[in-house]
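Taking it in order: structure first as structure tokens, then the write-up.
The values are calculated or read from the model by the stated rules, or taken from the named source; none is laboratory data. Here the structure is a predicted model, which is why all the values come from computation and not from measurement. Here the Cβ positions follow ideal geometry from the backbone for every residue, glycine too, while neighbour counts run over all protein chains shown. These accessible areas exclude ligands, DNA and RNA; they are computed on the full protein's heavy atoms, side chains included. Shrake-Rupley method; radii C 1.70, N 1.55, O 1.52, S 1.80 Å.
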Amino acid sequence: MRVGIVGLGVVGLATGVVLAEQGHNIVGVDVDENKVEGLRCGRSPIYEPNLKEMLDANASRIKFTTDYSELSDADLVFITVSTPTVNGRIYLGYVFDAAKRLSDVLRRNDSIVVIKSTVVPGTARKVKEIVKNDVVSNPEFLREGSAILDTKRPDRVVIGSQSKEAGDVVENLWRFTGAPVIRTSWEEAEMIKYAANSFLAIKVSFINEIANLCERLPNCDVNVVAKTIGLDRRIAPYFLNAGLGWGGSCFPKDTQAFVSFARDMGERLRIVEAAIEVNRERVPRVVNMLKSLLTRGKVCVLGVAFKPNTDDTRESKAIELIRALKAEGYEVVAYDPKARTEEAKMVTLDECISSSDAVIIATEWDEFRGLEERLKDKITIDARRVLDPSKMEASKFRAIGLGVQT
Ligand code: UGA
């Protein structure tokens, strides 16, 4: 099939390369000329495991352009543009712009417009009014850091559609994944995406509150609690890692947008609101942990990406931490294997550790595991639980969710 992708962020690129690998011809459109130019020269705009290799291997079936008219005879076009939260509300301008541009260029009335961007319920219905062609809501559940893998092997494929035929075309497209397919209405598909992200954010905030409590009890480790409650299949072990809180380009914006959307509908999502509040307290809490061991000096922050295996720093808790430390008068240096920030001087791992008075682990990169021997004599705060506490010097070490060991 001839497949268009509008918006070349992580979702657009992962969708494009995976469908190209399946033999489809892809036309990727983005308004950012630099990004398109880079992609044409084989440069990936982001670090994502296996993305560059997939771009190279499928280059003959992928074309990048800023020109929407290249989509005029597409069988289907995915909208994968960003939907930022502005003043606590979702901004849908990029989705509607894309829909308007598509309505201008699509020459065939059987071209299908597929919305993958995260959008509040009611959006597909509005897009349908703009484009006239069939519209399918096909929310994305991939995670950054494993975007390609998640696109090839999703837990489920959700297809929200009014037209059975259009839904069938999208279902066939994803059949190779072998994932269960759930056919829904537009509104259900849009709701499922928000409910899923909000639930995961709630899970993390829940275990973070349990972690707070564990810190006040002797011999209590949140990791033991999380692991054990996770053995109950109704709870499941995932998204129970206590730490510095959730960040990234999705949870913070989606939970906010969902809460505002609910209020607009005359309902409250109090548990989601509480999860947001708990998440806001993570960084101040870690700063207070540091203060109890060191009141001034130089701090090395290990990790600036919002999670491992990505160079994405959007809404990164590590960056929020750097800002908070600086506001408290600490000098800050940082190291990350892939990500960069202007908020702190970026140095090598060795320099970061050796030049500082204290170390805070802010992102759980594998590279930070096994550093116990080097950190033993230093004030260390493990905000992502990558170190083995039994190998650390108790008087100089604090970890999220770990009570005093007696
Ligand atoms: C999230 C969802 O997991 C995806 O299913 C969804 O498709 C995506 O948002 C999206 O809406 O596009 P992502 O933001 O890439 O994916 O990252 P996650 O792995 O979900 O992590 C989000 C944040 O939660 C990170 O800051 C991570 O450090 C934190 N987290 C996650 C924890 O603190 N503890 C955990 O146990 C899990």
Over the range 6-27, the set of residues open to solvent by less than 10 Å² (accessible area, probe 1.4 Å) and either among the charged types (D, E, K, R) or closer than 18 Å to Trp174 by Cβ (or both) is Gly12, Leu13, Ala14, Thr15, Gly16, Val17, Val18, Leu19, Ala20, Ile26
Hey, can you tell me all the residues within the range 84-102 that are at pLDDT 95 or above and either farther than 27 Å from Ala257 by Cα or open to solvent by 60 Å² or more (accessible area, probe 1.4 Å) (or both)?
Tyr91, Tyr94, Asp97, Lys100, Arg101
Using the structure shown, decide if Ile353 is under 30 Å from Ala147 (Cα atoms), among the hydrophobic types (A, V, I, L, M, F, W, C) and modelled with pLDDT of 95 or more.
no
Can you tell me which condition Val158 does not meet? The list is (1) open to solvent by less than 20 Å² (accessible area, probe 1.4 Å); (2) more than 16 Å from the ligand (Cβ to nearest atom), and all the others hold.
(2)
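Yes or no, residue by residue, for (1) modelled with pLDDT under 95; (2) within 19 Å of Glu277 (Cα to Cα); (3) more than 8 Å from the ligand (Cβ to nearest atom):
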{"residue": "Ala166", "(1), (2), (3)": "no, no, yes"}
{"residue": "Pro180", "(1), (2), (3)": "no, no, yes"}
{"residue": "Glu188", "(1), (2), (3)": "no, no, yes"}
{"residue": "Met191", "(1), (2), (3)": "no, no, yes"}
{"residue": "Ile202", "(1), (2), (3)": "no, yes, yes"}
{"residue": "Leu240", "(1), (2), (3)": "no, yes, no"}
{"residue": "Ser249", "(1), (2), (3)": "yes, yes, no"}
Return only the number of the condition from (1) more than 14 Å from the ligand (Cβ to nearest atom); (2) open to solvent by 40 Å² or more (accessible area, probe 1.4 Å); (3) in contact with a helix residue (DSSP H, G or I) (Cβ under 7 Å, 6 or more places away or on another chain); (4) not polar (S, T, N, Q) that Leu231 does not satisfy.
(3)
Selection status of Ser69, assigned by TED's automatic domain parsing to the domain that holds Leu8, of a type in the set (Ser, Thr, Tyr) and open to solvent by 20 Å² or more (accessible area, probe 1.4 Å)
yes
Being out of contact with any Gly (no Cβ under 8 Å at 6 or more places or on another chain) and closer than 20 Å to Ala226 by Cα is the filter here; which residues of the range 382-391 pass it?
Asp382, Val386, Leu387, Asp388, Pro389, Ser390
List pairs: first in the range 244-266 and outside any loop (DSSP other than H, G, I, E, B) and open to solvent by 30 Å² or more (accessible area, probe 1.4 Å), second more than 15 Å from the ligand (Cβ to nearest atom) and modelled with pLDDT of 95 or more, Cβ under 8 Å, 6+ apart or cross-chain?
Phe261/Pro121
The residue that is most open to solvent (accessible area, probe 1.4 Å), considering only those in the range 310-335 that are outside any strand (DSSP E or B), in contact with a Ser or Thr (Cβ under 7 Å, 6 or more places away or on another chain) and farther than 15 Å from Val283 by Cα, is Arg314
Checking Thr80 against (1) β-branched (Val, Ile, Thr); (2) open to solvent by 40 Å² or more (accessible area, probe 1.4 Å); (3) touching a residue at least 12 places away in the same chain (Cβ under 8 Å), which single condition isn't satisfied?
(2)
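Quick check on this structure: which one of Val120, Val114 is within 21 Å of Glu70 (Cα to Cα) and either assigned to a strand (DSSP E or B) or open to solvent by 10 Å² or more (accessible area, probe 1.4 Å) (or both)?
Unique residue meeting the criteria: Val114.
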Which numbered condition Arg234 fails, given (1) outside any loop (DSSP other than H, G, I, E, B); (2) free of Cβ contacts under 8 Å to residues at least 40 places away in the same chain; (3) among the basic types (Lys, Arg):
(1)
Leu149 part of a loop (DSSP other than H, G, I, E, B), in the same structural domain as Pro45 (by TED's automatic domain parsing), touching a residue at least 40 places away in the same chain (Cβ under 8 Å) and open to solvent by 20 Å² or more (accessible area, probe 1.4 Å):
no
